[in-house]
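Here the structure is laid out as C-alpha cells; the discussion comes afterwards.
Bear in mind these aren't lab numbers, they're just calculated from the coordinates by the rules spelled out. For clarity, every value in this text was computed on a predicted model and none was experimentally measured. Here Cβ is always computed from backbone atoms with ideal geometry, including for glycine, and neighbour counts include all displayed protein chains.
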Amino acid sequence: MAASGLALAASLALFIAAPLRGPDLATELVAGHVRSLLVDHLTDVQTSDQHVVKPWFAGKLAFSPPVVDLTSAGFALVGGRLDYLSGQVVAALVYRRREHVINVFIEPDSAQGAQQASRSEDTFREGYHVLHWTEGGMTFWAVSDLSLPELEEFRKQFQLQTPP
C-alpha cells in the first residue's frame, strides 16, 4: 500500500513538473494556413504593392518584416495580415502562384524561435509543405500546397530579393 502511494505521488510530481506540450510548430503553421483559406481572412491589407504592405505593419508589430515583390519570378504578392503563432503576433505575407496560396509567417529570430525551428525544419503535413529559413534577424516559414520544387524556388527567390 505504501509503495503504491509512493508511486502515485512520484507520478503526480512528474506530471506537475513536466511542461504542458501544445501542438508542434509545423502543425500550428499548417493550421494557420488552412484557417486563412477557410474564411475571408486571407489578408488584412490586400494589394500587390510592397510599398503599401510593408508600412501597413508599422505600429501593429514590434518589428518590420521584409516585403518583397516576386511577381517577375511568378509569385504574385497578394497582401499581408497579422497572425498568431506560438503565443506571439507575427506577420503573414500572402503570395499566389496560379491558384496556389503561399503564406509566409515572419517573426524576429529569438532563442525560443530557434528551438521551435529546430523541431520544425522543412516538412510535409496534411498535404502542405512547410519550409523554414532564417535571415537578417528574422525567422520565416512558407506554407503551401505547391509542389516542393516550386516552393523551394519561392524560398530561393525570396532570399535573393530580401535586403540584407
* Give me the orientation-averaged projected area of the Cα convex hull of segment 23-161, in nm², one decimal. => 7.6
* Cβ-Cβ FRET estimate between GLU150 and ALA62, R0 fixed at 22 Å, reported to 0.05 -> 0.10
